[in-house]
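Below you'll find the structure, written out as structure tokens, and then a few comments.
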Amino acid sequence: MGKHVRILAVWVLLFICSCVYGQSIKNDTTKRRLDREQYYRISRSSEDSARSIFNFKAAPIYVRTTPFSIYTGAGKPRDRIAQSIEIGKSFNVIDLGIAFGRNSLRPDTTLFLEGRVTMDVANYGIFANEMTIGAGRVFDSQGSLMLELTYSIIAQVAPRLGIGLTTGYYDFSNEITDSSKTFYGIYLRFGIMRTDSGGLLGAIARGRGRPVRVGRPHRHGR
């Protein structure tokens with residue numbers, strides 16, 4: 001009887017050990033899977049380096065240029081055409097940049113320097129909607145304050161090239177005068193796609209909110 005009790009105790013002990021070991025392996029496997037998922041969420045590819053939202057050094061550089069925009073209202077074309085170029089860094093769905101431009105095509109045109117914040121608002125296929133808020137200074141005799149509110153529609157025609165249409169408002173003010181101008185224009189954006197904002201290239205990037213698949217290679221074109 002005592003021998004059978006000892007054998008039963010040994011089997012019970014082995015069963016408990018196997019359960020504990022199996023649970024430990026399961027927990028370890030689950031932890032590794034969650035770690036991999038977190039890793040892929042944070043950095044799925046070199047194109048998603050913009051996910052490092054607080055890492056200024058790692059954030060990708062972009063360039064946005066507006067070769068043509070025209071103010072509404074009366075006036076000769078060379079007095080109503082403005083141009084600018086902007087350079088900055090992309091942080092997830094936000095572009096932070098510095099823009100330099102001119103308010104007309106005259107030789108004595110008034111130059112300006114402006115800080116801009118552009119946010120990707122919505123995506124549909126290769127198209128996206130952006131909103132820009134800016135503030136800067138016009139280098140005229142009064143040193144006018146320049147404020148901007150702009151809405152844009154951009155089409156991502158290549159992995160690092162987007163072409164867009166823009167419309168918005170410039171407000172100019174100083175101690176003596178103030179004025180507001182509405183403009184329409186076209187612009188180009190060179191830089192990384194915002195794949196984590198919904199994927200401007202539907203044929204290449206993942207869509208908004210699609211789950212990350214771990215353990216299976218990601219095939220572009222889906």
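The values are calculated or read from the model by the stated rules, or taken from the named source; none is laboratory data. The model shown is predicted, which means the values in this text are computed figures rather than measured ones. Heads up, the Cβs are rebuilt from the backbone with ideal geometry, glycines too, and the neighbour counts pull from every protein chain shown.
Brief remarks follow.
- Enumeration of residues in region 141-181 that are more than 26 Å from the chain's Cα centre (by Cα) and in contact (Cβ under 8 Å) with a residue 40 or more places away in the chain: Lys181
- Matching residues, region 174-190, being surrounded by 14 or more Cβ atoms within 10 Å (Cβ to Cβ) and charged (D, E, K, R): Lys181, Arg189
- Residue check for Gln142: assigned by TED's automatic domain parsing to the domain that holds Gly191 and assigned to a strand (DSSP E or B): no
- Number of positions in region 113-133 that are assigned to a strand (DSSP E or B) and either β-branched (Val, Ile, Thr) or in contact with a Phe, Trp or Tyr (Cβ under 9 Å, 6 or more places away or on another chain) (or both): 10
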